[in-house]
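Visitor: One structure is given below, represented as structure tokens, and several questions about it will come after.
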Amino acid sequence: MELHSLKPAKGATKKRKRIARGQGSGHGGTSTRGHKGAKSRSGFKRKRHFEGGQMPLQMRLPKRGFKNINKVSYKGINLEDLYKISEKYNLKAIDIEVLLSNGLIKKTDKVKILGGGELKSKLDVTVHAYSASAKEAIEKLGGSANVL
């Protein structure tokens, strides 16, 4: 075997299709685009859900539901998380600023305290809402649950 005798395996390479290089090339005339119509013209781009003029699927299916613009979404935080923060930083009161500085909430979040976990010390908590079990647990230890 010599370097000059090396060549790719049979079928490994194909000739490039040279479009619009005259009739003799076999790809002249319409340049493999067929006759007339949008697909034969330059700049043609099919719409994403186009089905050849048939009514598209997303228009055939019925609309369902709605978004309630008055819905208030809360970011839930468990009592366990409040207890961990109060122990870590030796706090007696927790409010929105404390939760924000610890990365538990974003600036625009409304906060609701949930009853998950266990609270072992007295805490004064000031947030937007409380679950019944959370409020009861906070007040049972002598703390206060204030609503913003």
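Visitor: So how much slack lies between Met1 and Thr32, counting 0.36 nm per residue of separation and subtracting their Cα-Cα distance, in nm?
Guide: Length gained, Met1 through Thr32: 7.0 nm.
Visitor: Please find the FRET efficiency linking Lys92 to Ala132, where r is the Cβ-Cβ separation and R0 is fixed at 22 Å, and quote it to the nearest 0.05.
Guide: 0.40
Visitor: Another question, then. May I ask you to evaluate 6.51 cos²θ - 1.76 cosθ + 1.60, the Karplus curve with θ = phi - 60°, for each residue of segment 12-22 and list the ³J(HN,Hα) values in order in whole Hz, giving x for glycine and proline?
Guide: Ordered by residue, 3J(HN,Hα) equals 7, 10, 10, 6, 5, 7, 8, 8, 6, 10, x Hz.
Visitor: While we're on this one: Treating only the Cβ of Lys, Arg, Asp and Glu as charged (+1, +1, -1, -1), what charge dipole size does the chain show about its Cα centre? Round to the nearest 20 debye.
Guide: 2340 debye
Visitor: Turning to a different aspect of this structure: State the dimensionless ratio Rg/Rh of segment 44-127 (Rg: radius of gyration of Cα atoms; Rh: Kirkwood radius).
Guide: 1.39
Visitor: Relative contact order of segment 75-147, please, whole-number percent, based on alpha carbon pairs below 8 angstrom and at least 6 residues apart.
Guide: 33 percent
Visitor: Whose amide H sits under 5 Å from the amide H of Ile94, counting only residues 5 or more places off or on another chain, with H placed in the peptide plane?
Guide: Here the answer is Asp124, Val125, Thr126, since their amide H atoms fall under 5 Å of that of Ile94.
Visitor: Measure up Lys39/Lys63; Lys107/Lys135; Lys45/Lys67; Lys67/Lys140 against 30 Å on the Cα-Cα distance and list the ones that go over.
Guide: The answer is Lys39/Lys63; Lys45/Lys67; Lys67/Lys140.
Visitor: Taking amide H positions as placed in the peptide plane 1.01 Å from N, state which residues far from Asn78 in sequence (5 or more) or on other chains have amide H under 5 Å from it.
Guide: HN-HN under 5 Å from Asn78: Leu114.
Visitor: Sticking with this one: Label points 7 Å out from Cα along the Cβ direction at Lys14 and Ser40: separation in nm?
Guide: For the pair Lys14/Ser40, the computed spacing is 2.5 nm.
Visitor: Of [x] 2.35; [y] 2.29; [z] 1.24, which is the value of Cα Rg over 2.2 N^0.38 Å derived from the coordinates here?
Guide: Only one option fits the structure, namely [x].
Visitor: Would you calculate a helix-derived [θ] at 222 nm for the chain, using -39,500 (n - 2.57) for each DSSP H run of n ≥ 4 and dividing by the full residue count, to the nearest 500?
Guide: Result for the chain, helices only: -5500 deg cm²/dmol.
Visitor: What residues have an amide H closer than 5 Å to that of Gly143, excluding those fewer than 5 places away on the same chain, when H is modeled at 1.01 Å from N in the peptide plane?
Guide: Residues meeting the amide H criterion: Leu123.
Visitor: Multiplying the sequence separation of Asn102 and Lys84 by 0.36 nm and subtracting their Cα-Cα distance, what value in nm do you get?
Guide: Extra length available between Asn102 and Lys84 comes to 5.4 nm.
Visitor: Where does each of Arg33, Arg48, Arg60 land when they are ranked from fewest to most other beta-carbon atoms within 10 angstrom?
Guide: Ordered by Cβ neighbours within 10 Å, fewest first: Arg48, Arg60, Arg33.
Visitor: Additional query: FRET efficiency for Ser121 and Lys67, Cβ-Cβ distance as r, R0 = 35 Å, nearest 0.05?
Guide: 0.30
Coordinate-derived values only; no laboratory data. Values in this document were obtained by computation on a predicted structure and should not be read as measured data. With ideal geometry, Cβ positions are generated from the backbone for all residues, glycine too; neighbour counts draw on all protein chains shown.
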